[in-house]
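Pasting a structure below so you can have a look.
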Amino acid sequence: MKTLLVSLFLFIIILPSYAQYERRESRAGVYVTAGGNLSGATGWDESDTGAERIWGFNAGLTFYASFDPKSKWMINIDGNFSQQGFGNSEATDPADVKRLVINYINVPVILKYRPFKGFQSMFIGVGPQIGFQVGGHGKLVNGEKYDLKSEAVTKNVWSGVGVLGFNFDKLINVGVEFSYQHGLSKFLNTATDLRHSVFQGRLIIPLDFIADMM
C-alpha cells in the first residue's frame, strides 16, 4: 500500500511540471516506470484457505515504438524490477511463514493498440513475459526474515500479461498503466502447482520529460 501512496505523491508532484512539457511527435523512445504490485498465487488446494495477496514494488524502463504515425499500434519491451509472492493469513505459530517475497527482473514484450479513434489516450495490450529471479525472502510470524534457498525457487518464470493504460494526451506522454500477469510456469520447486497472479499499477513517464525537469 505504501508504494501506491508514494506513486500518487509523485504523480501530484509531476503534474505541474507536465503542464509545461513540450509534447513531442515521437514514434520511439523510453519510459521510466514505477508503481505497486498486488501479488498472490493460483493453484492452491481447497484446504489452503489462508492464502492471501501482498503488496510489492515495481520500477524499471520501457522501450516503446509505434508502427504508424498516429501510434495506433505500438510495441513495448520492458526491463523492470518486481516484488511478487503471497501471504498466509492463517499463520499463527511464531515459526510459521507469514509472507513470501520473490524478486524478479521481468522482461515483457507487449503489443499495444488504441481501439477508440475519438479517445486515443487509451490503449490496451497483451503479450508474453519472462521473469529472472533475483533474490527474495520469507518472513515469519515473529518478524524474523530468512533468505530463500536457491533449490526451492525456479530461476525463470513465464507469464502472460494483459494491459490497460491511459496517456494524458493523444500522443505518447506521461500516463498510468494497469496490468495483470498470470504465471504459465511454476515458480516454486516445492509447490509445482502454484502460479504467480499479479495485479500491477504504475506511472509511465517519458525519459525525455525527466531530462527536461532536470
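The values are calculated or read from the model by the stated rules, or taken from the named source; none is laboratory data. Computed from a predicted model, the values in this text were never measured in an experiment. Glycine also receives a Cβ, built like all others from the backbone with ideal geometry; neighbour counts cover every protein chain displayed. Note: areas computed on protein heavy atoms with side chains; ligands, DNA, RNA excluded. Shrake-Rupley method; radii C 1.70, N 1.55, O 1.52, S 1.80 Å.
Regarding LYS112, is this residue open to solvent by 70 Å² or more (accessible area, probe 1.4 Å) and among the charged types (D, E, K, R)?
It is false that LYS112 is open to solvent by 70 Å² or more (accessible area, probe 1.4 Å) and among the charged types (D, E, K, R).
Please determine whether any residue of the range 124-138 is part of a loop (DSSP other than H, G, I, E, B), open to solvent by less than 80 Å² (accessible area, probe 1.4 Å) and modelled with pLDDT under 95.
No, every residue in the range 124-138 fails to be part of a loop (DSSP other than H, G, I, E, B), open to solvent by less than 80 Å² (accessible area, probe 1.4 Å) and modelled with pLDDT under 95.
With the condition kept exactly as written, say whether any residue in the range 60-67 is at pLDDT 85 or above, assigned to a strand (DSSP E or B), closer than 19 Å to ARG195 by Cα and open to solvent by 70 Å² or more (accessible area, probe 1.4 Å).
No: the range 60-67 contains no residue that is at pLDDT 85 or above, assigned to a strand (DSSP E or B), closer than 19 Å to ARG195 by Cα and open to solvent by 70 Å² or more (accessible area, probe 1.4 Å).
Spot the failing condition for ALA91; the list is (1) more than 30 Å from ASP169 (Cβ to Cβ); (2) assigned to a strand (DSSP E or B), and only one is missed.
Answer for ALA91: the failing condition is (2).
Scan the range 145-202 for residues that are in a strand (DSSP E or B) and of a type in the set (Lys, Arg) and jot them down.
LYS145, ARG195, ARG202
Within the range 139-185, can you find the residues that are under 24 Å from GLU90 (Cβ atoms) and open to solvent by less than 20 Å² (accessible area, probe 1.4 Å)?
VAL153, GLY183 - these are the residues of the range 139-185 that are under 24 Å from GLU90 (Cβ atoms) and open to solvent by less than 20 Å² (accessible area, probe 1.4 Å).
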